[in-house]
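The values are calculated or read from the model by the stated rules, or taken from the named source; none is laboratory data. The structure presented is a predicted model; accordingly, all values stated were derived computationally and were not measured. With ideal geometry, Cβ positions are generated from the backbone for all residues, glycine too; neighbour counts draw on all protein chains shown. Heavy atoms of the whole protein, side chains included, go into the accessibility calculation; ligands, DNA and RNA do not. Shrake-Rupley method; radii C 1.70, N 1.55, O 1.52, S 1.80 Å.
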Amino acid sequence: MTLLRMAGIGKTFPGVRALDQVDLEVAEGEVHCLLGQNGAGKSTLIKVLAGAHQPDDGEITWRGARTTLPSPVAALRLGIATMYQELDLVPDIPVAENVFLGHEPTRFGFTRRRAARDLTRTLMARLGHPEIGPDREVGRLSAAGQQLVSMARALAHDARLIVMDEPTAALAADEVDNLFRIVGELTKDGVAVLYISHRLEEIRRIGNRVTVLKDGRTVAANLPAETPTADLVDLMSGRKVETVFPHREASTVDTTREVLTVTGLSRKGEFSDVGFHVHAGEILGIAGLVGAGRSEILETVFGARKPDTGHVAVDGKPVRPGSVVAAVKAGIGLAPEERKAQALLLDLPVAHNVTLSSLPAYSRAGFLDRARELTDSKATLERLDLRPADPRRLVAEFSGGNQQKAVVARWLVRGCKVLLLDEPTRGVDVGARAELYRVIHELAAAGVAVVLVSSEVAEVLGLADRVLVLRDGEVIADRRADELTESAVLDMVMAGRVVTEAADTDTPEVVPEEAP
């Protein structure tokens with residue numbers, strides 16, 4: 001039975017037609033996947049569905065009856081709950097208060113706190129995580145734990161349709177498995193899920209049907225989840241896009257020039273005695289589970305964290321530890337995982353964000369040369385295929401993938417010697433990934449030393465010349481990427497078994513790690 005039907009939905013913002021005659025149909029108890037490149041209109045569509053935006057055209061039908069969604073409260077009352085990629089939880093209050101925020105159980109006008117806690121325990125048990133108690137502070141939970149709280153809040157509203165926007169973006173493999181288990185149990189109870197993800201392998205694993213958006217229009221509806229990846233990519237992009245990592249014509253590594261040198265770097269409780277080097281034109285990939293210390297190492301190299309021991313050098317010159325200013329002056333740039341919180345000024349134009357680390361170069365007698373700033377930033381944005389490549393638009397108005405491109409653009413303008421990339425393709429669609437991969441190769445070809453962290457082992461192996469494998473904050477292997485397989489890396493990071501190159505064979509040999 002059809003639960004939701006959106007027909008001919010249109011939405012226009014000043015200068016932009018975000019949605020143009022979009023159609024979407026979701027049945028009870030199904031996982032319906034919504035695909036599209038960044039900027040295709042997915043975010044606007046789910047905000048219309050959540051009551052955050054009002055459509056200019058079209059109609060919405062819920063359980064066969066035409067309806068309107070004038071506000072998020074109205075959507076929730078109808079049974080539509082949205083879990084945004086950036087979870088809208090209050091970190092400083094307990095789980096139970098987040099779950100029932102705005103619709104607290106009451107009696108005679110008084111909030112029934114005990115009832116809220118009891119109901120929260122029931123909901124968390126239903127989600128398979130009774131250990132997340134109602135009195136725990138949400139801000140102290142992991143990303144997966146916070147996501148479960150958001151899901152419990154949806155169930156507390158007796159939601160019949162849950163919209164999940166990139167729900168696995170910050171989850172480890174075992175946490176993804178648990179999420180999919182929960183989704184399966186919800187759909188058995190008749191709950192529908194509108195699932196948005198750039199990870200196409202997840203679509204086949206969890207989805208029933210697929211709708212594809214491009215440039216604010218529906219280009220395909222109700223496709224089977226088994227639709228080949230190449231066909232989905234063609235629909236999303238309107239052009240053939242390589243679904244594998246781009247080929248590098250030749251190695252760009254200059255082994256005579258060591259650009260980045262990290263020696264004996266340690267931070268108590270995060271990582272210990274980490275050392276590596278990166279040559280000019282080399283791409284070093286760092287693989288490891290969430291919590292292994294990957295991001296912390298990059299932030300320490302960038303000066304955002306101060307090491308307890310060890311040092312960093314660029315072109316043989318020491319960089320003052322714990323100083324971002326010193327790192328940037330030395331030629332180090334960082335594109336962090338949490339781009340909104342750590343890298344971007346959302347309420348400023350893209351141009352200001354792109355030139356933020358290069359302001360002295362755009363100053364004349366103490367005044368900002370805005371014309372040159374706009375020219376340089378626009379050229380860089382066009383190189384990265386940011387859509388639209390308008391440097392005057394606010395960063396907040398762009399999709400997540402385009403925001404990531406803006407961060408990378410900052411360091412292209414700066415002309416850094418070392419570029420640290422932490423989950424550079426998180427929340428980025430297939431077409432945009434291809435562009436980012438191309439840019440990474442171009443930077444390496446220009447002599448930049450690139451350090452890449454990614455939760456996707458295939459991405460690390462597909463891009464890197466050499467791979468550093470982390471486990472529990474320690475480097476357990478340093479190998480050429482072509483000596484490793486995805487299964488071998490996973491074996492190392494999960495089981496702690498060190499891979500060595502096997503003699504007379506194309507398959508790496510796994511050797512048990514010696515007991516400490």
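Here are some notes:
- DSSP bridge pairs, the chain: antiparallel proportion in percent, nearest 5: 60
- Probe 1.4 Å, accessible area per residue of the chain, Å²: 45
- When the chain is described by a simple charge dipole with +1 on each Lys and Arg Cβ and -1 on each Asp and Glu Cβ, the residue from Leu356, Ala144, Val259 located farthest towards its positive end is Leu356.
- When you count the other C-beta atoms within 10 angstrom of each residue and take the mean per peptide, 263-276, 327-340 line up highest first as 327-340, 263-276.
- About the Cα centre, charge dipole magnitude for segment 175-333 (Lys/Arg +1, Asp/Glu -1 at Cβ), debye: 380
- Per-residue ellipticity at 222 nm, computed for the chain from helices alone with -39500 (n - 2.57) per DSSP H run of at least four residues, works out to -9500 deg cm²/dmol.
- Net length gained if the chain between Asp315 and Arg112 were fully extended (0.36 nm per residue, minus Cα distance): 66.8 nm
- Charged side chains reduced to their Cβ positions (Lys and Arg at +1, Asp and Glu at -1) give segment 360-423 a dipole of some 240 debye around its Cα centre.
- Semi-axes of the equivalent ellipsoid for the chain, computed as √(5λ) from the eigenvalues of its C-alpha gyration tensor and ordered from largest down, come to 39, 28, 24 Å.
- Axis of helix 113-126 versus longest Cα principal axis of the chain: the two differ by about 70°, to the nearest ten degrees.
- Added length on full extension, which subtracts the Cα-Cα distance from 0.36 nm per residue, Gln54 to Met1: 16.5 nm
- Filter on Lys188/Lys214; Lys214/Lys405; Lys268/Lys417; Lys42/Lys405; Lys11/Lys188; Lys268/Lys405 - keep pairs with C-alpha separation over 27 Å: Lys188/Lys214; Lys268/Lys417; Lys11/Lys188; Lys268/Lys405
- 0 to 90° range, to nearest 10: angle between helix 400-414 axis and the chain longest Cα axis: 20
- Between helix 143-156 and the chain: long-axis angle, C-alpha atoms, 0 to 90°, nearest 10: 10
- Rounded to the nearest 20 debye, dipole of the chain from Cβ charges on Lys, Arg, Asp, Glu: 2020
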